[in-house]
Amino acid sequence: MYGKKVKLRLTFLIVLILSLGLTIYLVLVSLKENVVYFLSPTEIKALSELKKDKIRIGGMVKKNSINVNNDKIIFVITDFKNEINVTYSGLVPNLFQENKGVVAEGFLRDKNYFKAVKILAKHDENYMPPELSNKKGDK
């Protein structure tokens, strides 16, 4: 019914569409696994039930909230509407300071308490490494 050229073109078109669909699917799955999402304290307060798996929360470290006891650091993350208390054992990044952005990864104990296993300090778009800022001041 159809000629060899038509069958060949149709086969090529089907293979091309399937390959494109598979590629898009693999890219989306990869992005889903690698994109970092975090919840704000307000979003945590609005949760209907507590999540048992590892999550990330983000916001600003509240001023005068950092308390260091031996190997434990206790601080408050705020989004200027709600706050959540965070405890962390370990070393914190150099950029971790009051009134600076932070993302904490860990487990939610209740809507007011978060046990962090990793701290990621955030910087604004004007961040300059200390090595470069010292050289700039020398000139």
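The values are calculated or read from the model by the stated rules, or taken from the named source; none is laboratory data. Not measured: the values here are computed from a predicted model. Cβ placement follows ideal geometry from the backbone for every residue including glycine, while neighbour counts extend to all protein chains displayed.
For this structure, a couple of remarks:
- Any hit, the range 21-34, residues being free of Cβ contacts under 8 Å to residues at least 12 places away in the same chain, surrounded by fewer than 10 Cβ atoms within 10 Å (Cβ to Cβ) and among the β-branched types (Val, Ile, Thr): no
- Contacts under 8 angstrom Cβ, first residue in the range 79-100 being surrounded by fewer than 17 Cβ atoms within 10 Å (Cβ to Cβ), partner among the acidic types (Asp, Glu), 6 or more apart: Ser89/Asp71; Gly90/Asp71
- Subset tally (residues that are outside any strand (DSSP E or B) and either modelled with pLDDT under 90 or in contact with a Phe, Trp or Tyr (Cβ under 6 Å, 6 or more places away or on another chain) (or both)) for the range 47-79: 12
- So Leu108, is it assigned to a strand (DSSP E or B) and over 14 Å from Ile119 (Cβ atoms): yes
- Extreme residue, nearest to Lys63 (Cα to Cα), among residues of the range 88-135 that are modelled with pLDDT under 90 and of a type in the set (Phe, Trp, Tyr): Phe96
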